[in-house]
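First up is the structure itself, then whatever we jot down about it.
The values are calculated or read from the model by the stated rules, or taken from the named source; none is laboratory data. If you're wondering where the values come from, they're calculated on a predicted model, not measured in any experiment. With ideal geometry, Cβ positions are generated from the backbone for all residues, glycine too; neighbour counts draw on all protein chains shown.
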Amino acid sequence: MQAITVYNEYFKTNTPGIDEARNIAQCYVITGNSIEAEKWLSKVLTFVGYLPKDVLSYANMLKSNSKFDEAIKQYQNYLKIQPSAKDKVTELVKSCKKAKEWIAIPEDYDVTNVKELNSASSDFGLFPIGNGFIYTSDRLLKRSSSSGNKIYGWTGKPYLKLNFVKKDKKGDFSSSPLSIESLDNGYHNGPGCFDANTNTIYFSRTKMVKITKKPINNDPTSWYEYSFNNDYLNRIEIYSAKYNNGVIDRVEPFKYNNVEMYSVGHPAISADGKTFYFVSDMDSGYGGTDIYYCTLKNNGEWSLPKNAGPVINSQGKELFPTIDKNNTLYFSSTENSVMGGLDLFYAKGSKDSWSVPQNLKYPINSTKDDFLIFYTDDSTGYFSSNRLGGVGDDDIYHFVKKNSTKKLKDTVIISKDTSAITLTDTSTVAQIITPVDTPIKTPTITPKVTPVKTPEKTQIITPPIKKPTITPIKPVIVSYIVKEKLKDNTYSLLEGVEIEIKNLTNNTTKKVTTDKKGRFYYTADSISSLIITATRDGYYTQKKALSSKSKTKNDTISDEMIFEKIVLNKPVVIENIYYDYGKWDIKPASAVELNKIVKMMNDNPNIKIEMSSHTDSRSSSEFNDTLSQKRANAAAEYIISKGIESSRVKAFGYGETKLRNRCKDGVICTEAEHALNRRTEFMVIN
């Protein structure tokens with residue numbers, strides 16, 4: 001905030017250049033002022049020498065401000081100056097178009113700002129406790145200690161605190177918020193959750209840790225890191241406290257806090273109090289931040305944290321989990337975000353077994369950050385958002401699921417007829433999709449009762465209801481580890497391999513990159529056929545085809561890919577190539593090995609090879625030269641017959657000129673030693 005003030009004062013008497021415009025734009029991006037950020041990013045593009053990333057930043061901000069058509073134009077401009085970003089731009093343009101569709105045809109929710117709770121500051125993360133709610137806010141409240149209102153330099157407002165507000169029988173928030181000073185450590189506190197089984201509050205809290213040359217997380221609500229100080233890191237921990245008749249005490253740290261290594265925060269607890277979910281950036285994750293869980297052991301301690309798995313977690317950031325009584329996990333994610341910012345998703349399951357996450361769409365999601373949703377009953381609840389039109393920065397919103405009705409095709413009205421009347425409508429009323437092995441509770445569907453007045457009396461017509469169709473669905477997970485084969489026949493994990501996954505079932509393509517542990521993951525509703533292509537400069541490209549037949553009983557396909565570096569002019573012996581004495585025709589067993597060369601060349605279309613054949617020293621050198629050339633020609637011709645261009649394959653017969661051991665003319669050797677010299681090789685020559 002101070003930087004923005006300094007820049008604005010400077011601009012009163014000075015004309016900003018491109019660097020100043022870019023810097024103040026970034027300040028507005030970080031502080032969440034998208035309107036001013038858009039204005040200054042637009043100004044950056046008026047200067048000579050703007051960068052491709054400036055165009056991308058401007059396009060992203062236009063999308064964030066719901067200017068989808070303008071954003072698409074800027075994404076296309078970005079592609080013109082950054083052609084390598086074609087796949088990325090395609091997805092961004094597609095998300096703009098889909099966001100427009102979702103806004104045009106919104107989901108059946110009424111969303112309203114809870115103005116009696118919100119302020120000009122940030123208010124978010126509402127959760128029920130006792131006769132009221134606790135939520136997180138950086139508003140200025142009266143406190144017994146002046147240290148409780150210390151100003152956070154990044155926002156110019158107090159640090160985040162946990163506040164309590166009562167709710168009356170009518171459902172209205174009946175009191176002004178009160179700061180929970182027993183949970184205040186002078187820095188950021190919140191968001192949190194409440195376990196009614198043990199009367200325990202769990203909440204996030206920041207802590208400054210002295211670590212050299214590390215970035216600092218300035219805003220625990222976003223989990224984004226910005227450079228601030230080379231000596232300190234602002235990491236997040238989880239704490240618990242006991243709640244008893246309005247008294248909150250016994251504050252204790254979470255067993256697995258480890259600020260020297262990573263952050264843990266954003267706690268959530270299952271309805272039975274036996275599974276504890278949270279967010280962390282520990283090294284065992286799939287992306288920037290992942291959702292983890294612990295289970296309650298018999299001794300009352302939490303088990304070691306486990307990752308919630310690749311169905312939930314992505315290469316992006318997963319944040320702000322909540323879990324309802326039906327084991328539906330809600331969370332926000334930067335990956336596959338259609339609307340923009342953080343999108344809210346939900347998935348059914350528990351622990352590390354989940355259905356494929358579904359986007360909650362508009363109006364729950366907006367082009368801004370949407371997070372921390374929870375249901376008070378089956379159709380109403382609250383969530384948090386910094387969407388445009390709010391009261392402050394982050395606001396708390398209330399939502400209600402609209403009722404849906406279905407008209408019968410036929411209506412029958414009778415008078416003076418006592419016979420039974422049956423109305424039949426065989427069309428599907430609803431379809432419910434749940435994960436396999438999830439308990440199914442058929443929902444109650446109430447028919448609309450319509451009083452129809454006739455000259456004689458009032459008849460009540462109750463239409464029959466057809467039970468919903470229950471269709472189980474189970475996600476399929478593809479899990480791979482990519483390794484590099486080293487010279488000593490050991491293996492190392494290979495990071496940065498580009499993976500393209502073509503799903504021939506739904507004609508979609510996804511691109512990912514292996515992480516530092518050589519891993520990549522892919523999740524889909526169903527898989528009939530997949531083509532996986534893995535590439536990295538300097539290595540042989542790998543391709544694999546998978547089908548639904550590859551699945552295990554857990555619907556997880558796990559495998560590995562072995563990469564080898566391409567070394568020019570290094571002969572590689574092709575094992576199991578056999579010829580009859582004095583012959584050169586390709587036998588069926590040899591064809592199997594040569595087919596592997598064909599596949600390698602199809603996977604690597606720029607490679608040219610030399611096929612070479614070698615004999616032992618027995619027979620004359622002239623005979624061996626001729627025989628080896630014919631064998632090399634036969635191997636090359638076989639490869640060409642499989643569709644490889646002839647210009648990519650050369651054949652050389654070396655006879656007995658390149659023996660691999662001592663068995664030259666006149667030396668007595670065993671048959672095994674002579675066999676070592678009889679070989680067919682290939683090497684990459686271009």
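Miscellaneous remarks
- Matching option when the condition is under 23 Å from N606 (Cα atoms), buried (at least 17 other Cβ atoms within 10 Å of the Cβ) and among the polar types (S, T, N, Q), among T513, T523, T541, T533: T541
- Qualifying residue in segment 555-569 (condition: on the phi > 0 side of the Ramachandran plot, at pLDDT below 85, assigned by TED's automatic domain parsing to the domain that holds Y480 and surrounded by 13 or more Cβ atoms within 10 Å (Cβ to Cβ)): yes
- Selection from segment 159-199 of residues that are in contact (Cβ under 8 Å) with a residue 60 or more places away in the chain and farther than 13 Å from P128 by Cβ: L160, P177, I180, S182, L183, G190, P191, N197, T198
Every residue, every condition in (1) touching an Asp or Glu at 6+ places or on another chain (Cβ under 9 Å); (2) over 20 Å from G340 (Cβ atoms); (3) at pLDDT below 95, yes or no:
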site: P357; (1), (2), (3): no, no, yes
site: L360; (1), (2), (3): yes, no, no
site: T367; (1), (2), (3): no, no, yes
site: Y382; (1), (2), (3): no, yes, no
site: R387; (1), (2), (3): yes, no, yes
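- When residues of segment 252-276 are limited to those that are without any contact (Cβ under 8 Å) to a residue 24 or more places away in the chain and closer than 11 Å to R205 by Cβ, the one surrounded by the most Cβ atoms within 10 Å (Cβ to Cβ): N257
- All of N230, N258 fail the test of being assigned to a loop (DSSP other than H, G, I, E, B), at pLDDT 90 or above and out of contact with any helix residue (DSSP H, G or I) (no Cβ under 9 Å at 6 or more places or on another chain), apart from N258.
- Of all residues in segment 613-624 being in contact (Cβ under 8 Å) with a residue 12 or more places away in the chain and surrounded by 14 or more Cβ atoms within 10 Å (Cβ to Cβ), the one that is farthest from L568 (Cα to Cα): R618
- For segment 96-105, the criterion of being closer than 14 Å to D394 by Cα and either of a type in the set (V, I, T) or modelled with pLDDT of 95 or more (or both) is satisfied by no residue at all.
So that you can scan it fast, the table gives a plain yes or no per residue for (1) touching a residue at least 24 places away in the same chain (Cβ under 8 Å); (2) part of a helix (DSSP H, G or I); (3) farther than 30 Å from S355 by Cβ; (4) not assigned by TED's automatic domain parsing to the domain that holds T490:
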| position | (1), (2), (3), (4) |
| --- | --- |
| Y579 | yes, no, yes, yes |
| V592 | no, yes, yes, yes |
| M601 | yes, yes, yes, yes |
| M611 | yes, no, yes, yes |
| T626 | yes, yes, yes, yes |
| Q629 | yes, yes, yes, yes |
| E637 | no, yes, yes, yes |
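- Which listed residue is within 25 Å of E116 (Cβ to Cβ) and either out of contact with any strand residue (DSSP E or B) (no Cβ under 9 Å at 6 or more places or on another chain) or of a type outside the set (A, V, I, L, M, F, W, C) (or both), from N336, N365, N307: N365
- Across segment 133-144, not a single residue is classified as surrounded by fewer than 18 Cβ atoms within 10 Å (Cβ to Cβ) and in a strand (DSSP E or B).
- Selected residue (criterion: modelled with the lowest pLDDT) from residues of segment 303-340 that are part of a loop (DSSP other than H, G, I, E, B) and among the small types (G, A, S): S337
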